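Shown next, in structure tokens, is the structure this report addresses.
The values are calculated or read from the model by the stated rules, or taken from the named source; none is laboratory data. Please read all numbers here as calculations on a predicted model, not as lab measurements. Glycine gets a Cβ as well: all are built from the backbone with ideal geometry, and neighbour counts include every protein chain shown. Side chains are part of the model used for accessible areas, which takes the heavy atoms of the whole protein and leaves out ligands, DNA and RNA. Shrake-Rupley method; radii C 1.70, N 1.55, O 1.52, S 1.80 Å.
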Amino acid sequence: MRHYKISVGDMVSFLYATGDLSSETFQNVSLLDGTRAHQYVQSQYGSSDQAEVPIQLSYLDNSHEIIISGRIDGLLVIDSYTTIQEIKSSRYNIFDEAFTVKLEHLSQLKMYAYMYMKNQGLTEIDGRVTYIELSDYKQRHMEYIFKIEDLEVFFLDSISKYLIWLDILNDHYQLKMVSLNEMVFPFETYRRGQREMMKAVYQTMLDQDILYAIAPTGIGKTMASLFASLKTLNDPTQKIFYLTAKTVGKQIALDTMDMLHEGTLETKTLELTSKDAICFLEKRECDPEKCIYAKGFFDRLQEATKDIFQNEKLMRRSVVERYAQKHQVCPFEFSLYVSYFVDVVICDYNYVFDPRTHLIRYFDEPGYKPLVLIDEAHNLISRSRDMYSATVVKSDFIKLRRLGSKLKPTIRTGVKHVLDIFDSFEADLTDHSFISSKSLNNAFYEALKYLMKKVENALKENPKYPKKADVLEGYLSILGFTKIYEYYNDSYLTNIEKLEDDIFVTIQCLDASKFILDTVENKTYGSVFFSATLYPIEYYQELLTQNEGETLKIQSPFDHQRLKLIIMDQISTRYQDRLGSIEGVVETIVSVVNSKKGNYIVFFPSYQYLNQVLEQLPENLDADILIQKRDMEYMLRDLMIEKFKKTIERSQLAFFVMGGMFAEGIDYVGDMLNGVIVVGVGLPMINETNNQLKTYYQEHFNKGFLYAYQYPGMNKVIQAVGRVIRTTSDYGVAILIDDRFSHLSYKKLFPPEWKHYETARNQKQLNHLLSDFWMKMEK
């Protein structure tokens, strides 16, 4: 006998969702908007009416015992007769002749009507689907009379169909639990520090706690965190989210799960890819009239879901795309739906932490128990601030006015209100290029809300408007801005800036720790933040979870003597000293390249400095030069990395930027990389925003310069040096150029494995140290 608890909403969504992916899907009618609309309808109830009525029904057949539950929106008494009400909010014109009740909505009403009749011993009941427009709260009622004998046929047919799917899910769950019990570590031995991390992750997940782990390169942190988390799974509502900031990090996690699947593990793993990246169209047009993958999406979704779930364990992007093409469904929305049924989701931070794009079902609603692994967590402080910040730009509203010029009713008055306020901002910027205040201009916020209403009404009246997708894109930008404004508190500033001929208004979050803590404390069931470079760990604890969480510091498994770390402290790379530093930097590069044929990277704090040094490089230097360009595509990056893997006739010298796409998340193994030169201490650019951070951190933590500049800079330095030694057999050199590396305040931030550093105060000393090291290693 199989025992299932079924949600009415989940069942009817799976069985009866039909039609297109509409603009409502892409506008993401927020939970809050829908709740407010429901509450408005329910506020009109009489004294005999009831709202949000819980209901439950038991069902038994030869092999299943089922409890079906849900919540009736409204139980009304109309002319002494009971009416079951289902409320649905919409951005469509619900009075349009073409508007009809959705099968999914009617099916939900029928299910509740049957359950209520069975429980109350009734043979007939009235039903009503009420649609409410979000723009003006106008309502339209679709009335029905249900007889129990008709709904019994519907109920039994629905249950029998849904049980087929539930049995598939249950069979997988049983296989998964057996395989998890039998799962053994896929290597004969543990790496140094790996077992220590596994124990800590395992205990953190069992205790539903928070852990910060300094997990150095080489301990196998991806395998350790995933293996330990998998071992804690004991509930079908648990789901592991492996978060990473880089595509490379996702691939390592996917490869790790692939390795475990090759053993006995029976889990389903899914990679989520951003909407823009995975879209099949040359230009994303989220409109069923223009996208064949949106047209009829829900008609094909059930079969597509069954197909991929029953045939795949590891659902990489390419696998998702293959099934999406096969069934002609939008690959992004398809992957989000498939995520409901898998065990491990590998994705970017924003799916968990970004208030505009996080997965509502897992992090706003009950029913799931997410376990969260945050890889490369040193990126999350700046990313979290970005997630809770938003910008609108004057030129975008001028563009919106042009795109919507033919809309009736017009949106021009709404756009004009916003542009008038932009003009007043521009007048204020006459003598300054940057203005900051502690609050957002209220008239500006109200003008944005007014414009949104205008756009909603216009698109509702013009569903086939030729430039609808472009107008919708502008609308979503405003929606995102107003959504972020809901979080505005004393850790925010409003910045108005003139750049070239445009005006930017930004609500800037300076500290997102309150929001990150709320997510991990109240919406997850265990969270682990890990990286090789969480130095100092207290900085990350304070700015991510307000000092909540345990800490773990694991020693590097590598022999530190295989990294020759040399400080060149006779050179200052401060901004005002850069022109004078170029000769010394060039001489250091020449010394390193001439010391041994190999692959070398020079990391710079900026493209400007990189180009200044590049121009002074000697023409007779015996090396092929590789240069990182601004906004470089990942395909070109991969081609450049391939050059490091080839056997070389002469040295290769790469000029890269610290903190960029080449500086972390890439394993330059063996002879791929023989050494790095780090030019400067990596301080972020001194600008208005970073100075605002400095002021805020000084006021709140008495650590303004440290938190805004020094710690983020040193993290980039440690990441760059970390490229050299990736396995126990690797060896190489790392040269740190700047006098500040000899200051105590910077030495305190060195990882423990850097204690053996040496100092060279001229090129002669550097050449001697390099020569001795290469000779020793080659012996």
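Worth pointing out:
- Neighbour net charge for Q541 - beta-carbon separation under 11 angstrom, K R +1, D E -1: -4
- Rounded percent of accessible protein surface that carbon and sulfur make up, the stretch 337-494, 1.4 Å probe: 51 percent
- In this entry, the chain is assigned a mean projected area of 37.1 nm², taken as a quarter of its C-alpha convex hull surface.
- 3J(HN,Hα) along the stretch 378-390, derived from phi through the Karplus expression 6.51 cos²θ - 1.76 cosθ + 1.60 where θ = phi - 60°, amounts to 5, 7, 6, 4, 5, 5, 5, 4, 5, 4, 9, 10, 7 Hz, with x in place of Gly and Pro.
- Convex hull volume of the stretch 676-779 per residue (C-alpha atoms, cubic angstrom): 112 Å³
- Once C-alpha pairs closer than 8 Å and six or more residues apart are averaged by separation and normalised to the residue number of the chain, the relative contact order reads 12 percent.
- Rounded to the nearest Hz, the phi-derived 3J(HN,Hα) couplings of the stretch 40-53 under the Karplus curve 6.51 cos²θ - 1.76 cosθ + 1.60 (θ = phi - 60°) are 5, 4, 5, 5, 8, 5, x, 5, 8, 7, 10, 10, 6, 8, where x marks glycine and proline.
- Evaluated with a Cβ-only charge set (Lys, Arg +1; Asp, Glu -1), the stretch 353-443 carries a dipole of roughly 600 debye about its Cα centre, given to the nearest 20.
- Where Y40, Y540, Y173 fall by accessible area, highest first, once all protein chains stay in place (1.4 Å): Y40, Y173, Y540
- Ranked by how many other beta carbons lie within 10 Å on average, peptides 672-681, 79-88 from highest: 672-681, 79-88
- Taking Lys and Arg as +1 and Asp and Glu as -1, the other residues whose beta-carbon sits under 13 Å from that of I554 total +4.
- Net charge of the neighbourhood of A427, taken over other residues with C-beta under 12 Å away and scored Lys/Arg +1, Asp/Glu -1, is -4.
- Magnitude of the charge dipole, the chain, Cβ model with Lys/Arg +1 and Asp/Glu -1, debye to 20: 1300 debye
- Under Karplus coefficients 6.51, -1.76 and 1.60, residue-wise ³J(HN,Hα) of the stretch 109-118 in Hz, glycine/proline x: 4, 5, 5, 5, 4, 5, 4, 5, 4, 4
- Under-5 Å amide H pairs with Q652, H placed in peptide plane, nonlocal only: G598, N599, Y600, D624
- The amide H of S89, built 1.01 Å from its N in the peptide plane, has I132 as neighbours under 5 Å, considering only residues 5 or more places off or on other chains.
- Dipole magnitude of the stretch 104-149 about its Cα centre (Cβ charges: Lys, Arg +1; Asp, Glu -1), debye to nearest 20: 80 debye
- Listed residues I582, I496, L479: farthest to the positive end of the dipole of the stretch 473-590 (Cβ charges): I582
- Inverse of mean 1/r across different Cα pairs in the stretch 32-156, Kirkwood, Å: 15.4 Å
- Area of I496 that stays accessible when all protein chains are in place (1.4 Å probe, Å², to 10): 20 Å²
- Sorting the segments 726-732, 533-539 by their mean number of nearby beta carbons within 10 angstrom, highest to lowest, gives 533-539, 726-732.
- Helix-only [θ]222 nm of the chain, DSSP H runs n ≥ 4, -39500 (n - 2.57) each, per residue, nearest 500: -13500 deg cm²/dmol
- Here the translational diffusion coefficient of the stretch 448-569 follows from Stokes-Einstein with Rh set to the Kirkwood radius across Cα pairs; for 20 °C and 1.002 mPa s it amounts to 109 µm²/s.
- When the charge dipole of the stretch 291-400 is built from unit charges on Cβ atoms (+1 for Lys and Arg, -1 for Asp and Glu) and taken about the Cα centre, the candidate among A324, Y368, S382 whose Cα reaches farthest toward its positive end is A324.
- Charge dipole of the stretch 682-731 about the Cα centre (unit charges at C-beta), most positive-ward option of F701, M714, I725: I725
- Probe 1.4 Å - accessible area at D738, Å² to nearest ten: 0 Å²
- Among 45-57, 210-222, the peptide with the highest mean count of other Cβ atoms within 10 Å heads the list, and the full ranking is 210-222, 45-57.
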